[in-house]
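Chemist: Submitted below is the structure of interest, expressed as structure tokens.
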Amino acid sequence: MKSFIIAWKDFKIRFTDRKGFFMMIFFPVILTAILGSALSGVMGETSLPKTTIGIVQTGNDPLAAVLIKDVLKGKDLKDIVSVKQVDSEKQLKTFLRDEKIDAGIVIPSNWSQDLQNGQLKQVKLLVDPGKELKGSIVNTILQSFVNRVVTVSTSTKTVITHSAQILSPNDLKGLTGQLINSLQKAANEPYKSVQNSTIGKRMVSGMQYYAAAMAAMFLLFNVLNGTKSFINERDTETLARLMSTPTRKLSILVGKFLGNLYFAIAQLGIFITVTSLLFKVNWGENLMQTILIGFCYAISVSGLAMLFAAFIKNEKTADTAGGLGIQIFSLLGGSMVPIMIFPKALQTVSNIAPNKWALSSFTEIMAGTTWSDLSLPITVLLTISILSITIGTWRLQVK
Amino acid sequence: MLEVSKVRKSFGKTEVVKGVTFSVERGEAFGLLGPNGAGKSTTISMICGLLPFNEGDITVDGYSVKNNPMEIKKRIGVVPQDIALYPTMSAMDNLLFWGKMYGLSRKNALNRAYEVLDIVGLRDRAKDKIETFSGGMKRRINIGAALMHRPQILIMDEPTVGIDPQSRNHILETVKQLNKEGMTIIYTSHYMEEVEFLCERIGIIDHGEVIAVGTKEDLINRLSGGTVIKMEIGHYNKSLVEELNTLPFVEKIVTKDDERELEIFVNSSHQALGELVSTAVKNNVEVSTIQVQEPNLETLFLQLTGRSLRD
């Protein structure tokens with residue numbers, strides 16, 4: 001019972017400390033935003049490049065309107081394509097040269113007038129040779145549209161021509177209407193015969209990675225803060241005063257451990273909530289997995305605080321050793337740059353860093369993983385916890 | 001109530017407490033007087049069960065510190081020398097915390113905290129953080145924390161170090177009042193006047209040994225020389241000191257402050273003054289000031305140890 005009183009006291013002291021709150025909660029959120037945005041490329045996130053297309057349209061051809069309104073400005077392409085209406089081919093070329101647009105399309109007047117014969121007038125596509133990818137994207141979009149239009153037109157014409165030989169004019173009229181309706185409906189409906197599914201893990205975005213990395217790194221600060229809390233209690237005689245009350249040493253030690261654990265859990269909980277809401281970070285489909293790994297990691301950092309408190313005598317040493325240790329472990333554990341870019345040997349060495357296990361587990365959960373895949377990191381984190389708590393408690397009780 | 005019997009404590013090869021023995025009766029105010037490093041705090045730490053000792057025994061209400069430390073801890077309230085409070089917590093939160101650590105329920109702790117704030121005169125500052133308090137106010141809350149569980153014995157280890165006279169007076173009056181209400185007090189200090197004001201019996205401790213125990217009157221009566229004459233001289237003269245030592249009324253001479261101040265223990269001040277001055281003149285030594293000091297604990301300590309309480 002007294003352990004909980006001590007733990008709550010420690011939690012309140014740390015939670016109401018503005019400097020500590022800024023350092024432990026606000027700062028990691030800011031760093032996540034900066035690193036997640038700036039270093040997203042490192043994570044291999046790919047998407048089609050945004051492309052601006054200039055269009056010269058002469059007259060009011062209905063097919064041209066469909067191409068611009070329904071295709072280029074349509075919902076599927078609106079995120080990557082922006083359309084700029086241009087007055088003349090000459091101006092289009094100027095825009096292209098000045099890099100105001102990435103590609104240009106010149107639609108001839110009465111573009112679709114020969115469509116009943118299965119033909120379209122030629123569209124001119126102007127591309128910047130320095131923007132080959134963007135040019136090829138526009139070419140593909142345009143080619144695909146033209147092919148579809150010509151195919152539908154040709155098939156309709158063939159059906160109607162043959163039907164005219166055997167059907168009465170009235171029946172032919174009905175068939176024509178029916179055919180047009182069916183083709184329109186088929187063209188507008190999504191493909192239902194193909195089921196979309198993914199194989200393998202989801203890709204973790206830069207923002208996701210650095211959210212997990214900052215969580216792992218800043219929870220590590222609880223080792224330093226927990227150690228300092230012990231030392232501070234010793235230096236200010238409050239530990240002596242605690243020991244002059246009818247409270248067992250073990251209760252005091254458990255209280256100090258729990259206080260640190262409460263804060264680490266609260267810190268992680270707030271961080272996950274804030275990053276989810278502000279940056280839409282998806283911490284994974286299985287919340288229980290995230291909670292369990294977070295809990296195991298929080299226990300291990302609180303245990304390590306006890307271990308260090310048992311061996312470090314003053315705050316200055318704790319600051320020096322702790323600051324350096326956190327930097328090394330953060331680097332080694334992948335909180336600064338992803339472990340995957342490390343050489344193999346360094347990747348093996350990184351296994352000594354508890355934050356590495358937490359970080360890799362968080363990213364695994366984000367990508368979608370199984371409970372059995374998490375058994376190793378859970379075992380490692382709990383082993384660190386048990387060893388550090390046992391050695392720390394023993395040593396502190398003897399001291 | 002409290003028995004300290006032949007207690008010895010060593011740190012490595014250094015023995016810091018050498019067979020300390022004294023007892024304190026229920027309701028008594030007992031002072032432990034000695035200079036810094038005399039062994040007062042170590043003795044207090046052993047009574048509180050914070051430090052193990054090598055030999056002897058300490059009992060409170062018949063419970064031994066060695067065998068029943070928890071029973072003893074329930075009965076005593078300790079006011080440490082340093083401010084043992086949480087500076088970023090309010091006075092009230094500190095008191096509640098310490099009350100709960102002594103086993104009070106939240107409700108009882110809350111009621112008692114208000115009483116304690118009244119005792120130490122800081123009720124209006126209950127919600128303020130300790131870090132905003134003056135040194136004196138911190139000391140008062142430091143005492144208050146030890147009163148939360150209504151201890152039978154209040155042990156105070158130099159509770160007035162480094163505070164202003166007003167706060168010191170408030171603390172001394174508070175302790176005096178608590179003692180009047182029946183609380184047993186053990187008060188350590190190197191301020192003779194505090195111990196004289198508060199305590200009925202006094203133990204004088206130096207170099208880890210209790211060198212005298214008794215009431216103030218008992219102790220002063222033990223002075224072999226009844227009076228101390230402080231004589232400030234122009235320069236030190238060895239033959240002067242030797243000649244003064246041969247005078248029949250001189251018991252002892254202690255030289256201080258670059259040997260320009262002599263503290264001369266005499267058994268008759270009336271006869272001594274004239275003789276001392278004439279002896280100095282005879283030895284060509286100028287006397288700057290001469291002062292007769294009534295016998296007190298400081299005098300006793302000086303005579304017993306050859307040094308001042310504040311050395």
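Chemist: Could you pull out the residue among A:Phe295, A:Phe329 that is under 19 Å from A:Ala264 (Cα atoms), modelled with pLDDT of 90 or more and in the same structural domain as A:Ala38 (by TED's automatic domain parsing)?
Modeler: Details: A:Phe329 fails: modelled with pLDDT of 90 or more.
Answer to the selection: A:Phe295.
Chemist: Continuing with the same structure: Taking the stretch B:87-99 as the region of interest, how many residues are facing chain A (nearest Cβ under 7 Å) and surrounded by fewer than 22 Cβ atoms within 10 Å (Cβ to Cβ)?
Modeler: Kept after step one, since they are facing chain A (nearest Cβ under 7 Å), are these residues of the stretch B:87-99: B:88-89, B:97.
Checking the rest, the ones that are also surrounded by fewer than 22 Cβ atoms within 10 Å (Cβ to Cβ) come to B:88-89.
Going through the stretch B:87-99 one residue at a time, the tally reaches 2.
Chemist: Mind listing just one residue for me: the one in the stretch A:6-24 that is aliphatic (A, V, I, L, M) and surrounded by 19 or more Cβ atoms within 10 Å (Cβ to Cβ) and, of those, nearest to the other protein chains (Cβ to nearest Cβ)?
Modeler: First, the residues of the stretch A:6-24 that are aliphatic (A, V, I, L, M): A:6-7, A:13, A:23-24.
Now drop any that are not surrounded by 19 or more Cβ atoms within 10 Å (Cβ to Cβ), which leaves A:6-7, A:13, A:24.
Working: A:Ile6: 8, A:Ala7: 12, A:Ile13: 6, A:Met24: 15 Å.
The selected residue is A:Ile13.
Chemist: Being surrounded by 13 or more Cβ atoms within 10 Å (Cβ to Cβ) and free of Cβ contacts under 8 Å to residues at least 40 places away in the same chain is the filter here; which residues of the stretch B:115-131 pass it?
Modeler: Selection gives B:Glu115, B:Val116, B:Leu117, B:Leu122, B:Arg123, B:Arg125, B:Ala126, B:Asp128.
Chemist: Continuing with this model, one more query. Filter the stretch B:102-123 down to the residues that are within 12 Å of chain A (Cβ to nearest Cβ) and part of a helix (DSSP H, G or I), then identify the one that is farthest from B:Tyr63 (Cα to Cα).
Modeler: My answer is B:Arg106.
Chemist: Here is a follow-up. For a quick check of your reading of the model, give me the residue pairs whose first member lies in the stretch A:84-112 and is free of Cβ contacts under 8 Å to residues at least 40 places away in the same chain, whose second is surrounded by 14 or more Cβ atoms within 10 Å (Cβ to Cβ) and assigned to a loop (DSSP other than H, G, I, E, B), with beta-carbon atoms closer than 7 Å and at least 6 apart or on different chains.
Modeler: As it stands, the answer is A:Lys84/A:Ile101, since those pairs meet every condition given.
Chemist: Can you tell me which residue among B:Asn296, B:Asn267 is under 30 Å from B:Lys40 (Cβ atoms) and modelled with pLDDT under 80?
Modeler: Only one candidate passes the filter, namely B:Asn296.
Results for (1) buried (at least 18 other Cβ atoms within 10 Å of the Cβ); (2) closer than 21 Å to A:Thr94 by Cα, shown as yes or no for each residue.
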residue: A:Trp111; (1), (2): yes, no
residue: A:Gln122; (1), (2): no, no
residue: A:Leu125; (1), (2): no, yes
residue: A:Leu133; (1), (2): no, yes
residue: A:Ile141; (1), (2): yes, no
residue: A:Ser144; (1), (2): no, no
residue: A:Asn147; (1), (2): no, no
residue: A:Thr151; (1), (2): no, no
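Chemist: Of A:Arg234, A:Arg241, A:Arg202, which residue is within 22 Å of A:Lys313 (Cα to Cα), surrounded by fewer than 18 Cβ atoms within 10 Å (Cβ to Cβ) and either modelled with pLDDT under 70 or among the charged types (D, E, K, R) (or both)? Steps first, answer last, please.
Modeler: Details: A:Arg241 fails: surrounded by fewer than 18 Cβ atoms within 10 Å (Cβ to Cβ); A:Arg202 fails: within 22 Å of A:Lys313 (Cα to Cα).
Matching residue, one of A:Arg234, A:Arg241, A:Arg202: A:Arg234.
Condition check ((1) in contact with a strand residue (DSSP E or B) (Cβ under 8 Å, 6 or more places away or on another chain); (2) more than 16 Å from A:Val138 (Cα to Cα); (3) without any contact (Cβ under 8 Å) to a residue 24 or more places away in the chain) across all residues:
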position	(1), (2), (3)
A:Leu63	no, yes, no
A:Lys69	no, no, yes
A:Lys73	yes, no, yes
A:Ser82	yes, no, no
A:Leu125	yes, no, yes
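Chemist: Something else about it: Surrounded by fewer than 17 Cβ atoms within 10 Å (Cβ to Cβ) and free of Cβ contacts under 8 Å to residues at least 40 places away in the same chain: does that describe B:Lys73?
Modeler: No; evaluated as a whole, the condition is false for this residue.
Chemist: Does A:Ser182 fit the bill of being farther than 30 Å from A:Ile341 by Cα and modelled with pLDDT under 75?
Modeler: Criteria met by A:Ser182.
Chemist: Further question: Kindly indicate the residue of the stretch B:22-49 that is within 14 Å of chain A (Cβ to nearest Cβ) and of a type in the set (A, V, I, L, M) and also nearest to the chain's Cα centre (by Cα) among those meeting that condition.
Modeler: For the stretch B:22-49, the residue satisfying everything is B:Ile44.
Chemist: Against the conditions (1) surrounded by fewer than 22 Cβ atoms within 10 Å (Cβ to Cβ); (2) assigned to a helix (DSSP H, G or I); (3) within 14 Å of chain B (Cβ to nearest Cβ), where does A:Lys256 fall short? Just the number, please.
Modeler: (1)
Chemist: Considering only the stretch B:34-101, give the helices (runs of 4 or more DSSP H) lying wholly within it that have at least 1 residues that are β-branched (Val, Ile, Thr) and in contact with a strand residue (DSSP E or B) (Cβ under 7 Å, 6 or more places away or on another chain).
Modeler: B:40-47, B:69-75
Chemist: What pairs can you find where one residue is in the stretch A:228-249 and at the interface with chain B (Cβ under 8 Å from one of its Cβ atoms), the other is in a helix (DSSP H, G or I) and β-branched (Val, Ile, Thr), and their Cβ atoms are less than 6 Å apart, with a gap of 6+ or different chains?
Modeler: From the stretch A:228-249, the pairs are A:Leu242/A:Ile252.
Chemist: Which residues, counting only those in the stretch A:361-386, are assigned to a helix (DSSP H, G or I) and among the polar types (S, T, N, Q)?
Modeler: A:Ser361, A:Thr363, A:Ser372, A:Ser375, A:Thr379, A:Thr383, A:Ser385
Chemist: Restricting attention to helices (runs of 4 or more DSSP H) lying wholly within the stretch B:153-254, give those where 3 or more residues are within 30 Å of B:Val16 (Cβ to Cβ) and not hydroxyl-bearing (Ser, Thr, Tyr). Quick ask: steps written out before the conclusion?
Modeler: On the way: elements: B:165-180, B:192-198, B:216-221, B:238-246.
Because the criterion is at least 3 residues that are within 30 Å of B:Val16 (Cβ to Cβ) and not hydroxyl-bearing (Ser, Thr, Tyr), the helices (runs of 4 or more DSSP H) in the stretch B:153-254 that meet it are B:165-180, B:192-198, B:216-221.
Chemist: Are any of the residues in the stretch B:74-81 closer than 30 Å to B:Lys129 by Cβ and among the charged types (D, E, K, R)?
Modeler: Yes - at least one qualifying residue is present in the stretch B:74-81.
Chemist: Additional query: Go through (1) surrounded by fewer than 21 Cβ atoms within 10 Å (Cβ to Cβ); (2) within 14 Å of another protein chain (Cβ to nearest Cβ); (3) in contact with a Leu (Cβ under 7 Å, 6 or more places away or on another chain); (4) not hydrophobic (A, V, I, L, M, F, W, C) and name the single condition B:Pro52 misses.
Modeler: Here B:Pro52 meets the rest and fails (3).
The values are calculated or read from the model by the stated rules, or taken from the named source; none is laboratory data. Worth saying up front: this structure is predicted, and the values here are computed from it rather than measured. With ideal geometry, Cβ positions are generated from the backbone for all residues, glycine too; neighbour counts draw on all protein chains shown.
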